[in-house]
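Below is one structure, written out as structure tokens, with a few remarks after it.
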Amino acid sequence: MVEQVETSMSETGKLCVDGSEFEMPVIVGTEQEKALDIGSLRARTGYITLDDGYANTGACRSAITFIDGEKGILHYRGIPIEQLAGKSRFVETAYLLIWGELPTSDQLASFSRQLTENALIHEGMKYHFEGFPNTSHPMAMLSAMINALSCYYPFVLEFETDKDIDKAATLLMSKVRTLAAFSYKMSKGQPFVYPDPNRRYVGNLLHMMFTVPYKQYEVPRAFQKALDLIFMLHADHEQNCSTSTVRMVGSAGANLYSSVSAGVCALWGPLHGGANMGVIQMLEQIQEGGMDIDTCVKLAKDKESGFRLMGFGHRVYKNYDPRAKILKAAAERVFAQLNHRDPLLDIARRLEERALSDQYFIDRKLYPNVDFYSGIIMRAIGIPTNMFTVMFAIGRLPGWIAHWREQFLQGSGRIARPRQVYTGQQQRDYIDMDKRRA
Ligand code: ACO
């Protein structure tokens with residue numbers, strides 16, 4: 001298994017601080033991106049670096065995913081996303097991300113079997129679900145229940161062998177669907193539906209969500225394929241906010257389930273995974289006449305408005321997000337197969353065209369990101385808007401696991417702990433209550 005490809009360290013870079021020069025090693029990645037290793041900076045100069053939003057900070061070495069944001073390139077373990085989207089399935093891609101190589105047919109069959117056999121959750125967990133009000137957001141339930149898994153599978157608290165990690169990873173991949181579907185059932189006030197061992201990964205999830213006691217849900221093949229593709233395209237994206245959160249929490253020695261539970265919380269934010277809900281709300285507002293496309297673009301350009309074009313822009317991509325390109329074509333396919341068309345798709349296309357020809361978006365290199373078209377497909381499948389980010393979480397899970405595992409096996413044991421530039425009060429004395437002024 002390929003875990004870590006060696007990187008070259010023969011170059012150095014010089015930093016000039018307070019008139020003195022300091023040589024720092026240059027780390028070159030396998031795709032030739034370069035990083036200045038400033039690990040000794042503070043000890044040698046007394047300075048730290050300040051990098052708002054970590055836009056220029058490499059927090060780790062990772063052999064999982066490569067992105068070239070300028071060119072719109074995304075590779076999982078070296079394989080272009082376009083090839084995976086055309087040939088692979090989510091479960092196979094998850095294996096690739098977590099264990100580093102495409103599985104043989106025996107390995108894939110064994111992994112799929114374990115995903116099937118572990119899909120049930122402990123019956124005790126049902127009572128946790130029942131304790132939530134049915135107005136609870138499914139992301140809150142998902143995060144809480146993933147964390148609660150460690151109470152039922154305590155071996156995750158103390159790994160002794162690599163096999164323990166593999167087992168914990170497989171259990172989580174399998175049970176996350178059941179937890180997600182049960183969250184949905186709670187929010188609908190419907191009885192839970194147990195996993196069906198005869199269904200595949202995505203089909204089983206949709207079955208658990210949409211089957212009701214009086215009607216078995218037959219999963220349309222087009223939906224299964226489309227959701228599988230969405231999961232695959234979301235499966236990893238190197239050091240994004242939620243994955244960095246998983247690594248950060250994991251760096252403290254926290255177990256896989258707690259770390260992933262924290263990742264779910266980070267993903268929930270509207271600037272991250274929550275944007276797919278924001279896109280649909282924005283498109284619906286246009287459809288209902290609450291605003292037209294021109295007003296939407298105008299508002300997005302106005303910094304005072306607090307409004308952003310949802311599903312547009314990306315920290316890393318300064319080109320068309322390759323995942324958005326694949327999903328745009330997939331949305332067309334799904335509606336052609338269903339023989340009906342969602343008016344939101346046409347609004348999205350017109351909005352995209354309008355924004356891409358606007359100088360504001362051109363100057364800032366703002367393109368549609370993965371969230372721009374994924375919600376429209378999920379709507380067609382019948383997934384309610386408040387479950388969109390849950391779907392993103394299921395898709396992103398293999399990436400979170402792969403990063404947690406990579407960090408664990410790298411074994412540096414170093415806790416992630418950034419510094420700060422303090423901007424508060426300088427030292428002052430405590431004031432007794434009777435001497436304080438309002
Ligand atoms: N609409 C309008 N203006 C935008 C948008 C947008 N969607 N995105 C960025 N900008 C503008 C910013 O106002 C800023 O303008 P300025 O230079 O005049 O100040 C410039 O473009 C750069 O934007 P930043 O906020 O510095 O970019 P950053 O890398 O920090 O943020 C982010 C990236 C959060 C994705 C941002 O583009 C955004 O808010 N997009 C909308 C939300 C969204 O779609 N999120 C999903 C991201 S992908 C994912 O997580 C799966």
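Every read-out reported here was derived from the displayed coordinates using simple, explicitly stated rules and does not represent laboratory data. Keep in mind that this is a model prediction, so the values were computed, not measured. No Cβ is skipped: glycine too gets one built from the backbone with ideal geometry, and neighbour counts run over all protein chains shown.
Counting every other Cβ atom within 10 Å of each residue's Cβ, R113, R200 order from fewest to most as R113, R200.
When the chain is treated as a GNM with alpha-carbon contacts under 10 Å, the residue of Y54, Y257, Y367 showing the greatest mean-square fluctuation is Y54. Sparse packing (at most 12 other Cβ atoms within 10 Å of the Cβ) combined with a DSSP loop state is found for the following chymotrypsin sites (Phe, Trp or Tyr not before Pro) in segment 355-438: Y422, Y430.
Treating each Cα of segment 383-438 as an identical point scatterer and summing with the Debye formula, the log10 of I(q)/I(0) at q = 0.20, 0.21, 0.26 Å⁻¹ comes to -0.92, -0.95, -1.02.
With the Cα gyration tensor of the chain in hand, convert its eigenvalues to equivalent ellipsoid semi-axes via √(5λ) and list them largest first in whole Å.
36, 29, 25
I'd like the Kirkwood hydrodynamic radius of segment 85-156, using the inverse of the mean 1/r over distinct C-alpha pairs, in Å.
14.8
Under 37 °C and 0.692 mPa s, how fast does segment 49-189 diffuse according to Stokes-Einstein, given a Kirkwood radius computed over C-alpha pairs? Answer in µm²/s, whole number. Please report the intermediate quantities before stating the final value.
Values: Rh = 17.8 Å.
The Stokes-Einstein estimate is 184 µm²/s.
For segment 147-290, go through all pairs of different Cα atoms, get the mean of 1/r, take its inverse, and jot down that Kirkwood value in Å. Taking the inverse mean of 1/r over all distinct Cα pairs, segment 147-290 comes out at 17.4 Å. For segment 281-295 versus segment 39-92, the inter-centroid distance based on Cα atoms is 35 Å.
Taking the convex hull of the alpha carbon positions in segment 279-346 and averaging its projected area over all directions gives 5.5 nm². When all C-alpha to C-alpha distances in segment 288-438 are sorted into bins of 10 Å, what percent of pairs does each bin hold, rounded to whole numbers? Taking all Cα pairs of segment 288-438, the binned fractions are 8, 25, 25, 17, 12, 9, 3, 0 percent. In whole Å, what is the distance between the alpha-carbon centres of segment 376-427 and segment 169-241? Computed from Cα coordinates, the inter-centre distance equals 20 Å.
Ranking of E31, E288 by neighbouring Cβ atoms within 10 Å, starting from the fewest: E288, E31. In terms of overall dimensions, the C-alpha atoms belonging to segment 217-303 reach 51, 45, 20 Å along their principal axes, ordered largest to smallest.
DSSP loop GluC sites (Glu not before Pro) in segment 108-178 with at most 14 other Cβ atoms within 10 Å of their Cβ, which ones? Taking segment 108-178 and a limit of 14 other Cβ atoms within 10 Å, the loop GluC sites (Glu not before Pro) found are E123, E158, E160. Global size of segment 342-404: 14.9, 41 Å for Rg and Dmax (C-alpha atoms, Rg to one decimal, Dmax whole).
Which entries in the list K325/K365; K215/K328; K298/K318; K225/K325; K34/K365 go over 26 Å, if you measure between the two C-alpha atoms of each?
On the way: K325/K365 16 Å; K215/K328 32 Å; K298/K318 21 Å; K225/K325 17 Å; K34/K365 23 Å.
With Cα atoms farther than 26 Å apart: K215/K328.
Residues V260, V17, V421, ranked from the fewest to the most other C-beta atoms within 10 Å, line up as V421, V17, V260. Considering only A416, A144, A235, give the residue with the highest GNM mean-square fluctuation for the chain, with springs between Cα atoms whenever their separation is below 10 Å. Largest GNM mean-square fluctuation: A416. Counting only Cα atoms, the size of segment 1-97 along its three principal axes is 56, 28, 21 Å, in decreasing order.
Report, in whole Å, the centroid distance computed from the Cα atoms of segment 313-355 and segment 95-112. That distance is 31 Å.
Return a whole-number percent for the relative contact order of the chain, with Cα pairs under 8 Å and 6 or more residues apart as the contact set.
19
With q set to 0.14, 0.21, 0.23, 0.29 Å⁻¹, the log10 of I(q)/I(0) for segment 124-190, from the Debye formula over equal scatterers at the Cα positions, is -0.44, -0.83, -0.94, -1.29.
Of the residues I401, I383, I362, the one that moves most in a GNM of the chain with alpha-carbon contacts below 10 Å is I362.
For segment 94-172, what relative contact order do you get, as a whole percent, if you take Cα pairs closer than 8 Å and at least 6 residues apart?
In percent, rounded to a whole number, it is 29.
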